[in-house]
Amino acid sequence: MKRIAFVFPGQGAQAVGMGKDIYDSHAGAKSIFDKADEALGFKLTELIFQGPEDELKKTANTQPALLTTSVAILQAVLELGIEPDFVAGHSLGEYSALVAGGVLSFEDAVRTVRARGEFMEQAVPSGQGGMAAVLGADREQLAELCRKVTEEIGVVEMANVNCPGQIVVSGSAAGVQAIVERGKEAGAKRVIPLEVSGPFHSSLMQPAADRLAGTLAGVPMNDARVPVVANVTADSVLQAEDIRRLLVDQVVSPVLWEDSVSWMIAQGVDTFVEIGSGTVLAGLIKKVDKQVQVVSINGREALDKFAADWQTARQTSR
């Protein structure tokens, strides 16, 4: 093993019951859920474990729920004595990475993402914006098509560059619908409208970015003790003030996930540990490079297997 990166999922990975087995089996993980309830002033843990799903899917609930689950599982992983060389997260997951990198306290992070979710929900009236997954398109051709549609019909922009052949666009309802209808012009095989509450990571989120800037101005941040790979730049960042600025930019900028993974691989990362609900990032990373090792730790069983494999690998390398 050369270098290791911890990566954290974003919105869409949520599921009722996520993290419950870790909560039940690890005191450090349980303390994170307890801290979330106290910091937010309501029983987030109950919502995570019991639902209802419709409430959990609301952006203002989803974001702190996913952060809490990821950081709780992170606590259990850290007990194994593993130190990552890099940390990164997909969109919302970047906040989990910042906790892992020592930039934010968990309590400040969970309060911030609760506010971020509220700002994003309120930025664009319901039904006026949307997102769609574009499969198989050429990146440059899709960027050009988005420019054309924005000029002719309505705002639509690339929001998530996830992996080769998977890019999400975001923008006005009319702009996104135009990409659904005209995706073949960019070589797309399919364009799938997504069930989301707003046009995330597009310029239409500027009101949310402005409000988040005000919130982040009052949040204490440390310089990162582990390099954080930022969504906006697909490069590492260490300085607190740079991170603060990039978190604001992230709300209206594309998530350069494919580029971030490629950059980490170029720095010698050969093992990615996905920490949190689901296995979405593992699939994306494998599409970037099939040769790297990817492990998803999303519950106690996966944690126990990883711990056993890690111990074996350490003994073998001695």
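What shape does the range 168-296 take by its C-alpha gyration tensor, where a ≥ b ≥ c are the square roots of the eigenvalues and a/c under 1.5 counts as rounded, a/b above b/c as prolate, and the rest as oblate?
Oblate.
Pull up all non-local amide H partners of A159: gap of 5 or more, or a different chain, and H-to-H distance under 5 Å with H placed in the peptide plane.
When sequence neighbours closer than 5 places are left aside, the close amide H contacts are V168, V169, S170.
Quick one: what Rg and Dmax do you get for the chain from the alpha carbons, in Å?
19.0, 63
With unit charges on the beta carbons (Lys and Arg positive, Asp and Glu negative) and the dipole taken about the Cα centre of the chain, which residue among P207, Y23, N61 sits farthest to the positive side?
Of P207, Y23, N61, it is Y23.
In the range 148-185, what GluC sites (Glu not before Pro) fall in a loop by DSSP, with at most 13 other Cβ atoms inside 10 Å?
Taking the range 148-185 and a limit of 13 other Cβ atoms within 10 Å, no loop GluC sites (Glu not before Pro) are found.
With labels modelled as points extended 7 Å from the Cα through the Cβ direction, what inter-label distance (nm, one decimal) is found for D249 paired with F42?
Inter-label distance under the simple model: 3.4 nm.
With a Förster radius of 51 Å, plug the Cβ-Cβ distance of E185 and E53 into 1/(1 + (r/R0)^6) and report the FRET value to the nearest 0.05.
0.90
For I275, I167, I82, what's the fewest-to-most ordering of other Cβ within 10 Å of each Cβ?
I82, I167, I275
Starting from the Cα of A308, move 7 Å in the Cα-to-Cβ direction to define the label point; list residues of the range 63-79 whose amide nitrogen is under 18 Å from there.
77
Can you tell me how much longer the chain between K286 and D270 gets when fully stretched, taken as 0.36 nm per residue apart minus their C-alpha distance, in nm with one decimal?
So the extension gain works out to 4.6 nm.
Just grab the label-to-label distance for D21 and K2, each label 7 Å out from Cα along the Cβ direction, in nm (one decimal).
Going from the D21 label point to the K2 one covers 3.3 nm.
For the range 250-259, take each phi angle, set θ = phi - 60°, evaluate the Karplus expression 6.51 cos²θ - 1.76 cosθ + 1.60, and give the result in whole Hz per residue in order, putting x for glycine and proline.
4, 4, 10, 10, x, 7, 8, 6, 4, 5
Rounded, prolate or oblate: which fits the range 129-196 when a ≥ b ≥ c are the square roots of the eigenvalues of the alpha-carbon gyration tensor, with rounded for a/c under 1.5 and prolate only if a/b beats b/c?
Because a/c hits 1.5 or more and a/b fails to exceed b/c, the range 129-196 counts as oblate.
For the chain, what is the number of Lys pairs with C-alpha distance below 25 angstrom, counting only pairs 8 or more positions apart or on separate chains?
28
For the range 7-76, what does the alpha-carbon gyration tensor say about shape, rounded, prolate or oblate, given a ≥ b ≥ c as the root eigenvalues, a/c under 1.5 as rounded, and a/b over b/c as prolate?
prolate
Evaluate the charge dipole of the chain about its Cα centre and quote only its size in Debye, nearest 20, assuming +1 on the Cβ of each Lys and Arg and -1 on the Cβ of each Asp and Glu.
Charge dipole, the chain, about its Cα centre: 460 debye, nearest 20.
Quick note: the coordinates plus some simple rules give every number you see, no bench work behind them. These numbers were taken from a predicted model, which means no experiment stands behind them. Reconstructed Cβ throughout: ideal geometry from the backbone, glycine too, with neighbour counts over all protein chains shown.
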